[in-house]
1. Let me confirm something: among Ile17, Ile7, Ile40, Ile33, which residue is touching an Asp or Glu at 6+ places or on another chain (Cβ under 9 Å), surrounded by 15 or more Cβ atoms within 10 Å (Cβ to Cβ) and not aromatic (Phe, Trp, Tyr)?
2. Return the residues of the range 49-92 that are under 16 Å from the mean Cα position of the chain (by Cα) and closer than 12 Å to Phe14 by Cα; say none if nothing qualifies.
3. So which of Glu67, Glu60 ends up being surrounded by fewer than 15 Cβ atoms within 10 Å (Cβ to Cβ), of a type outside the set (A, V, I, L, M, F, W, C) and either in contact (Cβ under 8 Å) with a residue 12 or more places away in the chain or under 13 Å from His18 (Cα atoms) (or both)?
4. Only one residue in Ser15, Ser31, Ser76, Ser25 is in contact (Cβ under 8 Å) with a residue 12 or more places away in the chain, of a type in the set (Ser, Thr, Tyr) and at positive phi, so which one is that?
Amino acid sequence: MVFGKEISLNTKGFSDIHEITEKVSEIVEESMIRDGLVNICVIGSTASVSTIEYEPALVEDVKEQLEKLVPHTMHSRHSQTWGDDNGFSHIRATFMGPGITVPLSKGRLVLGTWQQIVVIDHDNRPRTRKVFVQIIGKNQYGEM
């Protein structure tokens with residue numbers, strides 16, 4: 001079986017981090033798929049999906065380290081070409097990647113105790129982000 005659904009998020013940009021584990025779990029429950037894989041992919045080239053322990057201090061640490069790695073003030077040919085000053089956001093998103101895959105076992109996401117799924121919007125302005133969740137696997141009757 002294959003089931004997919006979209007999540008919509010309003011973000012602030014500049015590596016704004018949103019926790020979506022519960023929303024993904026709700027989609028898994030709605031799918032009725034019990035065992036398989038859950039792919040979570042943000043639509044667009046200036047955002048990422050990852051996992052972290054979602055707590056305020058670590059969220060700030062991640063933002064701080066992203067700023068050190070790829071500063072929002074960096075010169076980029078992309079920003080120079082297009083005049084949108086968001087070359088840094090494309091680079092951050094490229095380094096982190098647009099999606100992750102999480103195992104699904106007995107109807108539950110296989111995540112560590114302190115591991116939550118997050119979307120990080122690296123762009124330089126507020127956005128409405130679309131995240132597509134696709135589940136592939138077997139239902140409770142073993143049907144694909």
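1. Working: Ile7 fails: touching an Asp or Glu at 6+ places or on another chain (Cβ under 9 Å); Ile40 fails: touching an Asp or Glu at 6+ places or on another chain (Cβ under 9 Å); Ile33 fails: touching an Asp or Glu at 6+ places or on another chain (Cβ under 9 Å).
Exactly one of Ile17, Ile7, Ile40, Ile33 is touching an Asp or Glu at 6+ places or on another chain (Cβ under 9 Å), surrounded by 15 or more Cβ atoms within 10 Å (Cβ to Cβ) and not aromatic (Phe, Trp, Tyr), namely Ile17.
2. The answer is Val62, Lys63, Leu66, Ser89, His90, Arg92.
3. Glu60
4. Values: Ser31 fails: at positive phi; Ser76 fails: at positive phi; Ser25 fails: at positive phi.
On inspection, the qualifying residue turns out to be Ser15.
Since every read-out is calculated from the coordinates, none of them should be taken as a lab result. None of the values given here were measured: they were computed from a predicted structure. Neighbour counts are summed over all protein chains in view; Cβ atoms, including those assigned to glycine, are modelled from backbone coordinates with ideal geometry.
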